[in-house]
Amino acid sequence: MSSKKTLFDKVWDSHVVEHIENGPDVLFIDRHLVHEVTSPVAFLGLKNRGIKVLHPEKTFATADHNTPTINQHLPVEDPLSANQLKALEENSAAYGISYWGLGHEKNGIVHVVGPEYGITQPGATIVCGDSHTSTHGAFGAIAFGIGTSEVEMVLATQCIMQAKPKSMRINVEGSLNRGVTPKDVALYIISQLTTSGATGYFVEYAGQVFRDMTMEGRMTVCNLSIEMGARGGMIAPDEKTFEYVKGREFSPKGAALDKAMTYWETLYTDEGAQFDKEITFDASNIEPMITFGTNPGMGIGISNDIPNANAVEGGAATYQKSLQYMNFNEGDSMMGKPIDFVFLGSCTNGRIEDFRAFTSIVKGRKKAANVTAWLVPGSHQVEAAIKNEGLLAILNEAGFELREPGCSACLAMNDDKVPAGKYAVSTSNRNFEGRQGPGSRTLLASPLVAAAAAVTGKVTDPRELMEV
Ligand code: SF4
């Protein structure tokens, strides 16, 4: 067997506690992120069995999924949400876990605050009861979502049983075109691979495009790995990664940092290491993307027409049902389609870079009268940066308001629901039927495309509004 290892192999192998013959590996978990929705039953299981949390110092809790995004200082009205938030607060206190609840200065979406505070580190294993835990792979970590029973397992043992996935490398070479963002890169890859194209694999992203990308952009790409079926996605850490991590509250300092760096600098795929599958794309083929259907793989370049069913892999009936739900037709142009809502936020695109991009388009323009816009920062740290950088003043001048941090209309577990039949251009990660509210119709896109739609009231190519 070759001694050359992939980045994934290096991180995985260094965390195997026990290998079960013909079975899964038992992996040690460095960081366990917890939120209010998938944790109550897990904590109840611990309580019933009289078990403690083994490593409370490696466990971090934040409230995000069903928190309101206005008037967070008032009691939460929805009884289910209020109960879940109370349970997380009480469980965190009972088991000695850091809890960043509503109103806490560090509160925000779990996948936004983890990196912000240095909880997310290169070469770590990170889990959370949320599919988009793959976000943390941007730092060269193995990060993946887990179910409620696994949350309980990790709380009790700091380990998880996992079958080792196959490996896939996706290279995107060249430079991105004007107006093309990391979100477009991810939507493009999913449109090419389909939503099941990476099922059973853990993906490494490589190539010039990812080397050039900011840490925020890398997080956006890794976040969406799950939407092509992958167990997760990761990018080899480099100087940009190390600089981002250093000096944050929970990142190592002094001698601990020196020791960590010795490990972090080994985190790359060895020349000649083998992947089970490898694909290469040319960056010049990617333009601003938008989805037209009810899964993230149903995306096209914004200037293209909706494909005919016979040109699409998979069942034509499912495809047509999806178009029916969206009230679109084969051959339609997406450009010019009227929209009702715009959502800027989520763990995919709720970071400061996303607000900078959105603001660059709306600056000096006005929000379209027919559009309701929800601009929701991913955390209080992002919210503060929006204010400190002067973006809020520009947004207000253009007729937009900023809400308070949370998952918001990503999954509409709070009051931010898109009404039935209405169209939302959304920077989030899923456009499933009803994801943003029963009967809602979601068009996934980048912050630039969302901004262009917000000021024109229809699907618009952001390149038409960008300064040259
Ligand atoms: S923003 Fe959406 S995907 Fe991200 S953690 Fe919240 S609910 Fe999950």
Checklist outcome for this item: So the carbon and sulfur contribution to the accessible area of segment 291-464, 1.4 Å probe, in percent, is 48 percent
Item to check | Farthest toward positive dipole pole in the chain [+1 Lys/Arg, -1 Asp/Glu at C-beta], among 208, 319, 120 | outcome: 319
Next on the checklist: With a cut-off of 8 Å between alpha carbons and a minimum separation of six or more residues, what is the relative contact order of segment 291-464 in percent?
Outcome noted: 28 percent
Checklist entry - So which DSSP H runs in the chain come out at 20 Å plus along the axis (Cα) with average Kyte-Doolittle of at least -1.0? => result 79-95
Checklist outcome for this item: Given unit charges at Cβ for Lys, Arg (+) and Asp, Glu (-), the dipole magnitude of the chain about its Cα centre in debye, nearest 20, is 400 debye
Checklist entry - Taking every DSSP beta bridge that has both residues in segment 291-464, what percent is antiparallel when rounded to the nearest 5? => result 20 percent
Next on the checklist: Just to confirm my numbers, what's the Cα centroid distance between segment 7-80 and segment 129-168 in Å?
Outcome noted: 9 Å
Next on the checklist: Could you tell me the center-to-center distance, by alpha carbons, between segment 297-329 and segment 336-354 in angstrom?
Outcome noted: 22 Å
Item to check | Convex hull projection area averaged over all views, segment 1-53, Cα basis, nm² | outcome: 5.9 nm²
Checklist entry - Which GluC sites (Glu not before Pro) does segment 245-294 hold that lie in a coil by DSSP with at most 16 other beta carbons within 10 Å? => result 249, 265, 271
Checklist entry - Under unit Cβ charges (Lys, Arg +1; Asp, Glu -1), what dipole magnitude, rounded to 20 debye, does segment 342-468 have relative to its Cα centre? => result 280 debye
Next on the checklist: Can you give me the Kirkwood hydrodynamic radius for the chain, using every pair of distinct Cα atoms, in Å to one decimal?
Outcome noted: 22.5 Å
Checklist entry - Going down the table (58/253; 363/417; 10/166; 183/259; 240/367), which pairs top 25 Å between alpha carbons? => result 363/417; 183/259; 240/367
Checklist entry - Which whole-number percent gives the relative contact order of the chain, counting Cα pairs below 8 Å spaced six or more residues apart? => result 17 percent
Item to check | Alpha-carbon spread of segment 380-440, three principal axes, descending order, Å | outcome: 37, 23, 18
Item to check | Label point distance in nm, residue 22-residue 258, each placed 7 Å from Cα along Cα→Cβ | outcome: 4.9 nm
Next on the checklist: Of all beta bridges DSSP finds with both residues in the chain, what is the antiparallel percent, to the nearest 5?
Outcome noted: 25 percent
Checklist entry - Gap in Å between the Cα centre of segment 180-227 and the Cα centre of segment 375-448? => result 21 Å
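The values are calculated or read from the model by the stated rules, or taken from the named source; none is laboratory data. Not measured: the values here are computed from a predicted model. All Cβ positions, even for glycine, are placed from backbone atoms using ideal geometry, and neighbour counts span all protein chains on display. Heads up: the accessible areas ignore ligands, DNA and RNA and are worked out on the full protein's heavy atoms, side chains in. Shrake-Rupley method; radii C 1.70, N 1.55, O 1.52, S 1.80 Å.
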